[in-house]
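Read the figures in this text as sums done on the coordinates, not as results from a lab. In this text, all values refer to a predicted model and were calculated from it rather than measured experimentally. Quick reminder, even Gly has a Cβ in these numbers, built from the backbone with ideal geometry, and neighbours come from all protein chains shown.
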Amino acid sequence: MIDKVNIEMATFGAGCFWCIDAVLRKLKGVQQVESGFSGGQIKNPAYREVVQGRTGHAEVAQISFDPHVISYKEILEVFWQVHDPTTLNRQGADVGEHYRSIILTHNSEQEKIAEEMKQQLDASGIFDDPIVTEIKTFEAFYPAEEVHQDFYTRNEAMPYCSFVIKPKVDKLKRLFADKLK
C-alpha cells in the first residue's frame, strides 16, 4: 500500500520527455510518471504549441516518489547522468528551448540539493563544459496528450526509441542497477 502522506513530487526536463520518462519509470520508489510541460508562460499548452517554441515551456517528466525508498538526491544523480546538462536548448538532434535541461523544484530543500549538486559537479570537472541546467521554482505542470505518456514502453521498436531512448535506459541499468525496480 502506498503511503500518500510521504509521497513527494519532482519535475525534470532532460531533452525529449519520452527519454526522461522512460528512465524515471524504472527507479525503485517512483510511484507515478507523467510527461508534460512546465517552466513557461502559456496555460494548458498543446504539444504542437510547445514544439513550435511559442510557450516558454520545457518538455518534462513529473514524478511522485517515496523518499523512504529513493531520495531526491539519488534521483538527481540519475538525472545528471542520463542526459547532457552542458548543452543549451539541445539534447542530441533535438533542438529548441523546449528541450532544455531544467530542474523545477517543489520546495526549498529540493532547490538547495539541486544547486549544491550542480555546483559540485561543475567544480569536479566531470563534464568538459559548464552545466547549463536551469534550476527554477516549480509553478505549474500541464500533462501532455495521452499519446506521449509512457511512450517508450509502447513504442520500443520505433527508430527514435531504439537509437535515442534505449541507450539512456541501458546506461541507467549499467550505472544504477541497485536503484531499479
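Being of a type in the set (D, E, K, R), surrounded by fewer than 18 Cβ atoms within 10 Å (Cβ to Cβ) and not in a helix (DSSP H, G or I) is the requirement here; does Glu109 meet it? Answer is no for this residue. Quick check: is even one residue across segment 2-13 closer than 17 Å to Gln149 by Cβ and touching a helix residue (DSSP H, G or I) at 6+ places or on another chain (Cβ under 8 Å)? Within segment 2-13, one or more residues are closer than 17 Å to Gln149 by Cβ and touching a helix residue (DSSP H, G or I) at 6+ places or on another chain (Cβ under 8 Å).
Out of Val95, Val51, one residue alone is closer than 14 Å to Ala144 by Cβ, surrounded by fewer than 19 Cβ atoms within 10 Å (Cβ to Cβ) and free of Cβ contacts under 8 Å to residues at least 60 places away in the same chain. It is Val51. Applying the criterion of being among the basic types (Lys, Arg) and within 15 Å of the chain's Cα centre (by Cα) to the residues of segment 65-117, the residue that is nearest to Leu172 (Cα to Cα) is Lys73. Which pairs have Cβ atoms under 9 Å, sit 6 or more apart or on different chains, and link a residue in segment 102-131 that is free of Cβ contacts under 8 Å to residues at least 12 places away in the same chain and under 18 Å from Gly13 (Cα atoms) to one that is outside any helix (DSSP H, G or I) and among the acidic types (Asp, Glu)? Every condition considered, the pairs that remain are Asn107/Glu8. In the set (1) crowded, with 22+ Cβ neighbours inside 10 Å; (2) of a type in the set (Asp, Glu); (3) more than 16 Å from the chain's Cα centre (by Cα), Glu59 fails one condition alone, (3). Can you find, within segment 140-153, the residue that is nearest to Gln41 (Cα to Cα) among those that are surrounded by 11 or more Cβ atoms within 10 Å (Cβ to Cβ) and among the charged types (D, E, K, R)? Per the criteria, the residue is Glu145.
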